[in-house]
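Remarks on the structure that follows.
The values are calculated or read from the model by the stated rules, or taken from the named source; none is laboratory data. Computed from a predicted structure; not experimentally measured. Virtual Cβ from ideal backbone geometry, glycine too; neighbours counted across all protein chains shown. The area values use the complete protein model at the heavy-atom level, side chains included, leaving out ligands, DNA and RNA. Shrake-Rupley method; radii C 1.70, N 1.55, O 1.52, S 1.80 Å.
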Amino acid sequence: MNGQTRGFGVCKANRRDFLRVAAATVAVSGMGRLSKAQASGASKAGSTGQNAVELSPLHASTEAPDKTPGPFDPPSERIGFAIVGLGHLSLGQILPAFGKSKHCRPVAVISGDRSKAGKIAAQYGIKDSSIYDYKSYEDIGRNPDVQVIYIVLPNSMHAEYVLRGAKSGKHILCEKPMATSSADCERMITACKAANVKLMIAYRQQYEPMNRAIVKMVRDRKLGVLHGMIATNAQNQGDPWQWRQKIALSGGGCLPDVGIYCLNAARFLSGEEPSEVWGTLHQPKDDPRFKEVEETCSFMVKFPSGLIATCSSGYGTHRSQWIRLEGDQGWAELNPAFGYTGLKLRTSTVQDGHDVVSEPSIEASDQFAVEMDHMALCVRNNLRPHTPGEEGLQDQRIIEAIYDSARTGKSVSLAQPQEVIRGPEPLTS
């Protein structure tokens, strides 16, 4: 058969058959390249390794390789989460994040609005029998699909629903702030330990890749000795009747809601615990939004090393989210910081005698997906969460000290914690 005849034959061939044969040839030739790690992972039932897919590269070695999401657990092997409270955060962030999660799935919802809960359950494939109200909340203990309860309620309700959830025998992931008093935080920790269930506080920033990169820079001394941190987290609140504006539900204004991000960042980025705090508040008298809670809280946090964090939080300004950590050899900043998306990291260090400002290329992750995946892996592998109840308790103690300082006009000294606050480094794969 001559070359012309061979070419004509290929052209006349069915395109679908041709692609099928070509794909099969590539698949067969690639089988020999399966690594020992992949083969081992594929043999483990319930491991994401068995679902790993390796594709041949499209680009030359001079180009960054394409990344394929996953591998993901099969739905039947994922850790089942029950979402308690179907407000803005649950509907806008948490439930959609299950679509990017590797190890989790939504299996139950708890809401006081049966109609809304039914609509959400239908969207996420949740059975009608796994829809609960707040009175039947304990019935979740008899639902074998549920392994973790994610509490997304007003701050003052956290303690009650953690205690009730622990009594049902389920592990708990609780939104921050952990509670509205350190006494409640201690009760929550005690109850979960007594029930032998895990308690994790949802500090999503501690699992976010850019924040993790700053932690590594600090630990590797890339910034040198830390001397200062500047942070702000502010937004302009609207409805004066929402629960965040009611002291009985929120426990405070901007400080426990958005200021806590600055406070927690100062602690986990530096790796230190504060020794002293100063705080000041502003609560306008003529604005109905701030009849019960502060509009602005500025505070300073001093650490034993001499590092001072200067922080500002607010409920009455246009959204502003920014943080910079400053050392004697460089700085690192997130601007914007603290948001669900759009974080941008910049660093400055001296290289070859020149100040070099760079923007590291770090792929963003869905913060709620990686946070929930960490909790799922802790449940699966029986590990202590990186941000356990003790982490939330420490922030609450400091928040109370900041309020004390604002009331008295004096600084408040803090004792160094005796207990281990954080668990092992985050697991997110």
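Tabulated values for the structure
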{"quantity": "Loop trypsin sites (Lys or Arg not before Pro), segment 195-247, which have at most 13 other Cβ atoms in a 10 Å radius of their Cβ (DSSP)", "calculated": "Arg221"}
{"quantity": "Inter-label distance for Lys291 and Lys67, nm, one decimal - labels placed 7 Å from Cα along Cα-to-Cβ", "calculated": "4.9"}
{"quantity": "Packing-based order for 284-292, 140-148, 388-396, 403-411, using average beta carbon neighbours within 10 Å, highest first", "calculated": "388-396, 140-148, 403-411, 284-292"}
{"quantity": "With every protein chain in place, the chain: carbon and sulfur % of accessible area (1.4 Å)", "calculated": "53"}
{"quantity": "Cross-link partners of Lys116 among aspartates and glutamates (Cα-Cα below 16 Å; sequence separation of 8 or more within a chain)", "calculated": "Asp128, Asp133"}
{"quantity": "Using alpha-carbon coordinates, inclination of helix 182-194 to the longest axis of the chain, degrees", "calculated": "50"}
{"quantity": "Helix 158-167 axis, angle to the chain major axis (alpha carbon atoms, nearest 10°)", "calculated": "60"}
{"quantity": "Value at 222 nm in deg cm²/dmol, rounded to 500, when DSSP H runs of n ≥ 4 in the chain each add -39,500 (n - 2.57)", "calculated": "-9000 deg cm²/dmol"}
{"quantity": "About the Cα centre, charge dipole magnitude for the chain (Lys/Arg +1, Asp/Glu -1 at Cβ), debye", "calculated": "1520"}
{"quantity": "Average accessible area per residue (Å²) across segment 232-354 - probe 1.4 Å, nucleic acids and ligands excluded", "calculated": "43"}
{"quantity": "Residue pairs, from the table Lys302/Lys410; Lys67/Lys344; Lys135/Lys167; Lys167/Lys246; Lys246/Lys344; Lys67/Lys102, whose Cα atoms sit over 22 Å apart", "calculated": "Lys167/Lys246; Lys246/Lys344"}
{"quantity": "Rounded to 5, percent antiparallel among DSSP beta bridges of the chain", "calculated": "60"}
{"quantity": "Cα gyration tensor category, rounded, prolate or oblate, for segment 169-305 with a/c compared to 1.5", "calculated": "oblate"}
{"quantity": "Three-way shape label, segment 296-357, alpha-carbon gyration tensor, a/c 1.5", "calculated": "oblate"}
{"quantity": "With Cα atoms, 0 to 90° folded angle of helix 367-381 axis to the chain main axis", "calculated": "80"}
{"quantity": "Correct choice for percent of Cα pairs over 35 Å apart that was computed from the model, options (i) 38; (ii) 24; (iii) 30", "calculated": "(i)"}
{"quantity": "For segment 316-395: relative contact order, % (alpha-carbon pairs under 8 angstrom, 6 or more apart)", "calculated": "16"}
